[in-house]
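Step one of this worksheet: look at the structure below.
Values quoted throughout were computed directly from the atomic coordinates according to the rules given, and no laboratory measurement underlies them. It should be emphasised that the depicted structure is a prediction, and the values quoted were computed from it without experimental measurement. Cβ coordinates were reconstructed from backbone atoms using ideal geometry, including for glycine residues, and neighbour counts include every protein chain displayed.
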Amino acid sequence: GDSVTQMEGPVTLSEEAFLTINCTYTATGYPSLFWYVQYPGEGLQLLLKATKADDKGSNKGFEATYRKETTSFHLEKGSVQVSDSAVYFCALSDADGGATNKLIFGTGTLLAVQP
Amino acid sequence: GAGVSQTPSNKVTEKGKYVELRCDPISGHTALYWYRQSLGQGPEFLIYFQGTGAADDSGLPNDRFFAVRPEGSVSTLKIQRTERGDSAVYLCASSLKPTYRVGPGNEQFFGPGTRLTVL
């Protein structure tokens, strides 16, 4: 079945450091890919998405490019801030496979940014 | 407008008891999803409603779990004979329209979750 694998955390960085969180996927169809973020004490929020190969999703300085050849969707940010500390989830939706549009999530990566 | 709301925010129960968890989606959203998030894991799909009907319940772990959405808005997740392994955060999400293809209006908005603890 479809699955998502993301790097384990926690990832600890100093403010203004470069961030990469790796995410790879397995899917039978042509999935759409997402990054969700969960800030402390808050619910899941969509951070960015990409719906087809070579698309780049971006939001709040974060970027991720849909790479079909490597089945990857790595999250990057050039300069992290303390306020970026959160848990980040990579997810896919196999929209071609049926009508459900359900999301399949990775296990999450905790990012801690220190001042 | 209000986002997705879930009640209660916390529920503590004893093994073997029955619990109901409520989800109030964003007004006008026709699609509603339930997910379960165990400690240290990502959310796992349970069930999807399109309107009043359960279009996909393939994620429900067993027949102790059941969900309804009688009027196509509020949904209730029901768990019978709770077990300690049912302890998790139960998340609800809604989206504006049904679709087989992700696009505008298909984003899933998540509620804050109900933390269920079975003693």
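Based on Cα contacts under 8 Å between residues 6+ apart, region A:1-40 shows a relative contact order of 50 percent.
With chain B treated as a Gaussian network of Cα nodes joined by springs under 10 Å, which of B:GLN41, B:GLN50, B:GLN108 yields the largest mean-square fluctuation? Result: B:GLN41 has the largest fluctuation of those listed.
For the protein assembly as shown, with only Lys/Arg (+1) and Asp/Glu (-1) charged at the beta-carbon, what is the dipole magnitude about the Cα centre, in debye rounded to 20?
That gives a dipole near 520 debye.
The modelled label-to-label distance between A:LYS60 and A:TYR39, using points 7 Å beyond Cα along the C-beta direction, is 0.6 nm.
Inter-chain neighbour count for B:55-65: the average number of beta-carbon atoms from partner chains within 10 Å of each residue's beta-carbon is 1.
Looking at region B:1-54 from every direction and averaging, what is the projected area of its Cα convex hull in nm²?
Values: hull surface 20.4 nm².
Taking the Cα atoms of region B:1-54, their convex hull projects to 5.1 nm² on average.
Dividing the convex hull volume of the alpha carbon atoms of region B:9-91 by its residue count gives 93 Å³ per residue.
Sites listed here are GluC sites (Glu not before Pro) in region A:22-112 whose DSSP assignment is loop and whose Cβ has at most 13 other Cβ atoms within 10 Å: A:GLU42, A:GLU69.
For the protein assembly as shown, how big is Rg over Rh, using alpha carbon atoms and the Kirkwood form of Rh? Mind showing how you got there, number by number?
Numbers: Rg = 17.6 Å, Rh = 18.2 Å.
That ratio is 0.97, to two decimals.
Evaluate E = 1/(1 + (r/R0)^6) for B:THR7 and A:THR107, where r is the Cβ-Cβ distance and R0 equals 30 Å; express this FRET efficiency to the nearest 0.05. Efficiency, rounded to the nearest 0.05: 0.65. Charge tally around B:GLN6: other residues with Cβ under 15 Å, Lys/Arg +1 each, Asp/Glu -1 each, net +3. Net charge near B:PRO25: determine it from the other residues with C-beta under 14 Å of the C-beta of B:PRO25, scoring Lys and Arg +1 and Asp and Glu -1. Value of the local net charge: 0. Label-to-label distance for A:ASP2 and A:THR28 is 1.1 nm, based on points extended 7 Å past Cα in the beta-carbon direction. Computed from the C-beta positions of A:GLU69 and A:THR12 and an R0 of 35 Å, the FRET efficiency is 0.70 to the nearest 0.05. What FRET efficiency would be calculated for the residue pair A:SER79, B:LYS97, taking the C-beta separation as r and a Förster radius of 41 Å, to the nearest 0.05? It comes to 0.65.
Projected label points at B:VAL74 and A:ALA53, each 7 Å from Cα along the beta carbon direction, are separated by 4.8 nanometres.
With a ≥ b ≥ c the root eigenvalues of the C-alpha gyration tensor of region A:5-107, is it rounded (a/c under 1.5), prolate (a/b larger than b/c) or oblate? Prolate, because a/c is 1.5 or more and a/b exceeds b/c. In sequence order, region A:34-47 has phi-based couplings of 9, 10, 10, 10, 10, 6, x, x, 10, x, 5, 10, 5, 9 Hz under the Karplus curve 6.51 cos²θ - 1.76 cosθ + 1.60, θ = phi - 60°, and Gly or Pro positions carry x.
Report, for chain B, the % of DSSP beta bridges that are antiparallel, rounded to 5.
On the way: 33 of 37 bridges.
Just about 90 percent of them are antiparallel.
Amide H contacts under 5 Å for B:GLY72: none, restricted to partners 5 or more places along the chain or on a different chain, H placed in the peptide plane at 1.01 Å from N. The mean sequence distance of close C-alpha pairs (under 8 Å, at least 6 residues apart), as a share of the length of chain B, puts its relative contact order at 36 percent.
Taking every alpha-carbon pair under 8 Å whose residues sit at least 6 apart, region A:27-103 reaches a relative contact order of 34 percent. Taking chymotrypsin sites (Phe, Trp or Tyr not before Pro) across region A:5-45, the ones in a DSSP loop with at most 16 further Cβ atoms lying within 10 angstrom of their Cβ are A:PHE18. Each part gets one Cα centre, and for region B:57-89 versus region A:1-55 those centres are 27 Å apart.
Remark: region B:32-46, residue by residue, has Karplus-estimated 3J(HN,Hα) of 9, 10, 10, 10, 10, 10, 7, 4, x, 10, x, x, 10, 5, 10 Hz, where x stands for each Gly or Pro and the curve is 6.51 cos²θ - 1.76 cosθ + 1.60 at θ = phi - 60°. Sites listed here are chymotrypsin sites (Phe, Trp or Tyr not before Pro) in region B:5-97 whose DSSP assignment is loop and whose Cβ has at most 14 other Cβ atoms within 10 Å: B:TYR18.
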